[in-house]
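The values are calculated or read from the model by the stated rules, or taken from the named source; none is laboratory data. From a predicted model like this one, the values you see are computed outputs, not experimental measurements. Virtual Cβ from ideal backbone geometry, glycine too; neighbours counted across all protein chains shown. Note: areas computed on protein heavy atoms with side chains; ligands, DNA, RNA excluded. Shrake-Rupley method; radii C 1.70, N 1.55, O 1.52, S 1.80 Å.
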Amino acid sequence: MSDYILTISCPDTTGIVHSVTGWLLEKQGNIIEAEQFGDELTQRFFLRIHFRIPKPSSAEQLRAEFSYIADRYQMDAQIHDTKQKARVLILVSRQGHCLNDLLFRTHTGQLPIEIVGVLSNHTDHAALAESYGIPFHHLPVTADTKPQQEQDILQFVDELEVDLVVLARYMQILSPEMCRALSGRAINIHHSFLPSFKGARPYHQAHARGVKIIGATAHYVTEDLDDGPIIEQDIERVSHDMSPTDLTQVGSDVESLVLARAVKAHVEHRIFLNGERTVVFK
């Protein structure tokens, strides 16, 4: 038995589920998990089905066999083999909490990904990456060398056949060209104080204002800085007796958790773009 994930986004109309399940019946398919959503505002329909069939086949072949249904309903349809782990490249600067969390979750099997490399503009976390047997690449950057450095990153993406780039507190603003090259396959994480507390030491700024909630947001990278389609968010309550160091620690924990959830949802093909928003199946 072989497992696959079918994802569908298309204009909402009648007969979609009937046609899809009929095709699965022809394949002697068994539905393991299914979730659907029809958006009344955008008139789009979204469907994710985890199914199993007795005869192994390539995802490419199944997509070809499904194409007549996809064409009929103007579907953006994909079929993924669950045995194929997503190949992930992690970008990081000097704050290593998200990197450490992703490495540990992957090592312990909590994240179904293959980390093919860690790339940084600093050398702080070389030993951490290498302790997990992950190649570490140091690409320093200045204002003058930024265009070439970004080209070098994209070369790594191509050569390593990367499916997803994760900005695990990578403190560099990507150029519009870089954002376009990674469209739909790059996830960023940041604290949710924006736009109130911009720039350096946001948790110290938040402490000075007496905030009571700390949060984090994971989103797809777009040309609009920190404003891409939101994938995952979470919050933690804090109190007046906590220091800036305490707030930073709480923020680091929330950021790590939110980013891990976003990466997991992406590689399990649970995220659908719906205009500037996302549909995220649990």
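Sequentially through the stretch 69-77, phi angles give Karplus couplings (6.51, -1.76, 1.60; θ = phi - 60°) of 6, 4, 5, 4, 10, 6, 8, 8, 10 Hz, Gly and Pro residues having no value and appearing as x. Think of the stretch 79-172 as having a plus end and a minus end, set by charges on the Cβ of Lys, Arg, Asp and Glu; of 157, 126, 110, 110 sits farthest toward the positive end of this dipole. Based on every Cα atom in the stretch 158-220, Rg and the maximum pairwise Cα distance Dmax equal 14.7, 47 Å. Accessible-area rank, largest first, for 207, 18: 18, 207, with all protein chains present and a 1.4 angstrom probe. Applying both filters, DSSP loop and at most 16 other Cβ atoms within 10 Å, to the GluC sites (Glu not before Pro) of the stretch 130-213 gives 161.
Residue 264 sits with roughly 80 Å² accessible to a 1.4 Å probe, with DNA, RNA and ligands left out of the calculation.
Accessible surface for the stretch 205-275, divided over its residues, is 48 Å² per residue with a 1.4 Å probe.
Globularity index of the stretch 82-181 is 1.04 (Cα radius of gyration / 2.2 N^0.38 Å, N = number of residues).
Residues 45, 136 ordered from highest to lowest accessible area at a 1.4 Å probe: 136, 45. Diffusion of the stretch 147-282 by Stokes-Einstein, at 37 °C in a medium of 0.692 mPa s and with Rh set to the Kirkwood radius over alpha-carbon pairs, works out to 207 µm²/s. As a fraction of the 1.4 Å probe accessible area of the chain, surface on carbon and sulfur atoms comes out at 50 percent. Counted residue by residue at 0.36 nm each, then reduced by the alpha carbon distance between them, the extension gain from residue 196 to residue 53 reaches 46.4 nm.
Using a 7 Å offset from Cα along Cα-Cβ at residue 212, what residues in the stretch 239-259 end up with backbone N under 20 Å from the label point? Residues 239-244, 246-248, 250-251 qualify, since their backbone N sits under 20 Å from the label point. Only helices enter this figure: runs of n ≥ 4 DSSP H residues, each worth -39500 (n - 2.57), summed and divided by the residues of the chain, yield -10500 deg cm²/dmol at 222 nm to the nearest 500. Remark: the stretch 117-169 is approximated by an ellipsoid whose semi-axes, taken from the C-alpha gyration tensor as √(5λ), come to 19, 15, 9 Å, largest first. Taking label positions 7 Å along the Cα-Cβ direction at both residue 227 and residue 43, the computed distance is 2.8 nm, reported to one decimal. Rounded to the nearest 0.05, what FRET efficiency do residue 246 and residue 131 give with R0 = 25 Å and r taken as the Cβ-Cβ distance? Could you check? According to the calculation, E is roughly 0.35. The GluC sites (Glu not before Pro) found in the stretch 11-65 that occupy coil by DSSP, while having at most 11 further C-beta atoms within 10 Å, are 40.
Each residue of the stretch 157-165 was assigned a 3J(HN,Hα) from its phi angle through the Karplus expression (A = 6.51, B = -1.76, C = 1.60, θ = phi - 60°), giving 4, 6, 5, 8, 6, 6, 8, 9, 9 Hz with x at Gly and Pro.
The listed residues 37, 272 rank as 37, 272 when sorted by accessible area, largest first, using a 1.4 Å probe.
Modelled spin labels at residue 180 and residue 114, positioned 7 Å past Cα toward Cβ, are 3.1 nm from each other.
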